[in-house]
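Presented below is the structure to which this report refers.
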Amino acid sequence: MRRVSRSGSPVVVVTGREATEREDVLDSLRCRESVAAALQEAGHEVRLFDVTPEHLTEEGCTSLRAELLSLRPKCVFNLFEGFSTDSAAEIRFCTVLEELGLAFTGNPSETLARCLDKAEAKERLRKAGLPVAPGFCVRNDWNGAMPSLKYPLFCKPCCEDGSVGIGDDALVRTPEQLVDVLSCMLASFPGGVLVEEFLPGREFNVGFLGNVRYELLGVSVIDYEGYGDVPPFLNYASKWDPENPSYAIEVRVEEGIPPSLRKRIHSIAAKAGRVLGCRGYFRVDLRERDGRLHVLEVNPNPDLSPESGLARQGAFRGYSYPEVVSRLVRLAGKSAPRREERERRDRCSAGDGCPDWSLYTPGT
């Protein structure tokens, strides 16, 4: 932890710190530096805080709470996305912020939990009448039964973010190939694998700001045609490996989207955010098939680096990067805890126990 500037109550920018070379994890540290600089430019005092794996043990919880409270933050800018071997850690940390009654940016623990388990999120969206791709979730107790689905199918870890676990073999074309891929993926991702009919059309990424009333930042589009042998989807390499051909896939903001289609995209995406309880900022991903839109997933607290889709959508609307970051601080203040939550914070800081970690382990 280190101080970046002085004056007034600080905005505490939080990320995880662990020994890893994984690019998606290291990227959050680079994002933190950009966010801190943007906050300073907007006139905020900023402090940086590292969450370590030790903090999120039952024993380390007391120390974590004391350290956070000692900073007396105006707001916690929550960039913590879990650890490389523990995605659900982001949920457990968020419950600590809630127990302490601190204002924080982004989505609450309940929404993070719903969205991290993609099978649960998909079922909630389906029950709300939103279009999702036909599919099923395979857990470790899978008996080999498969519903009747139309090939090709797409496989992705049920409880991971940042395209972790998605490689070129995620698109399967035969039942035999599906069994092989599932066997490998379940060994690495015991939280489960989501199997869905592949949607071959364009992909749309829809960015929002807001707590109750959502402000549409923009709609970005990915058209996979014209990339030759590059897989027609975003995998881990397409996001994190500049040497991989998939890295060349372009995401374009508000390009080639007719007004009627944009209206439908906006309506479906905003409803998906409401169904899952999103607030602060979030992104909804959709794809087309035969002229119909389907929700792929809802991403709470998406990447917020200056090069991110959300930042580029903000720039398209005329918001500078510091303006986008500052708006999130203001939104966090508007959702700050009420009196009863502050009283709960006082009980928690007095040692009244930690959240029950077992409640926040997706896939169990």
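Rounded to the nearest 20 debye, the dipole magnitude of segment 243-319 is 580 debye, with +1 charges on Lys and Arg beta carbons, -1 on Asp and Glu beta carbons, and the Cα centre as origin. Its DSSP H runs of at least 4 residues, each contributing -39,500 (n - 2.57), put the calculated 222 nm mean residue ellipticity of the chain at -11000 deg cm²/dmol, to the nearest 500. What percentage of the solvent-accessible surface of segment 71-122, computed with a 1.4 Å probe over protein heavy atoms, is contributed by carbon and sulfur atoms? That fraction is 41 percent. The residues of the chain expose, per residue, 45 Å² of accessible area to a 1.4 Å probe. Computed from point charges on the beta carbon alone (+1 for Lys and Arg, -1 for Asp and Glu), the dipole magnitude for segment 116-207 about its Cα centre is near 380 Debye.
Placing pseudo-labels 7 Å out from each Cα toward the beta carbon at TRP142 and GLU307 gives an inter-label distance of 3.4 nm. The phi-based Karplus calculation (6.51 cos²θ - 1.76 cosθ + 1.60; θ = phi - 60°) puts the 3J(HN,Hα) values of segment 191-200 at x, x, 10, 8, 10, 9, 4, 6, 9, x Hz, whole numbers, x for Gly and Pro.
Heavy atoms of the protein only, probe of 1.4 Å, neighbouring chains included. What is the accessible area of THR95 in Å², nearest 10? Result for THR95: roughly 10 Å² accessible. Listed by chain and number, the lysines whose alpha-carbon sits under 18 Å from that of LYS334, ignoring those within fewer than 8 places in the same chain, are LYS74. Model label sites at GLU123 and ARG264, defined 7 Å from Cα along the beta-carbon direction, differ in position by 2.9 nm. Charged side chains reduced to their Cβ positions (Lys and Arg at +1, Asp and Glu at -1) give the chain a dipole of some 1880 debye around its Cα centre. Taking the Kirkwood radius as Rh and the Cα radius of gyration as Rg, segment 131-199 has a ratio of Rg/Rh equal to 0.91.
Compute the label zone of GLU33 within segment 291-307: residues whose backbone N is under 17 Å from the point 7 Å along Cα-to-Cβ. Within reach of a label on GLU33, which here means backbone N under 17 Å from a point 7 Å along Cα→Cβ, segment 291-307 contributes 304-307. If you roll a 1.4 Å probe over segment 153-201 with all protein chains in place, what percent of the accessible area is carbon or sulfur? With neighbouring chains kept in place, the figure for segment 153-201 is 57 percent.
Highest mean first, how do 72-83, 175-186, 212-223 rank when packing is the count of other Cβ atoms within 10 Å averaged over residues?
Highest-to-lowest ranking by the protection proxy: 72-83, 212-223, 175-186.
Potential lengthening of the chain between GLU23 and ASN244 amounts to 78.2 nm, from the contour at 0.36 nm per residue minus the alpha-carbon distance.
When the Gaussian network model of the chain links Cα atoms closer than 10 Å, the mean-square fluctuations of SER84, SER163, SER70 top out at SER70.
The values are calculated or read from the model by the stated rules, or taken from the named source; none is laboratory data. These numbers come from a predicted model, not from an experiment. Glycine also receives a Cβ, built like all others from the backbone with ideal geometry; neighbour counts cover every protein chain displayed. Protein only, heavy atoms only, side chains kept; ligands, DNA and RNA dropped before computing areas. Shrake-Rupley method; radii C 1.70, N 1.55, O 1.52, S 1.80 Å.
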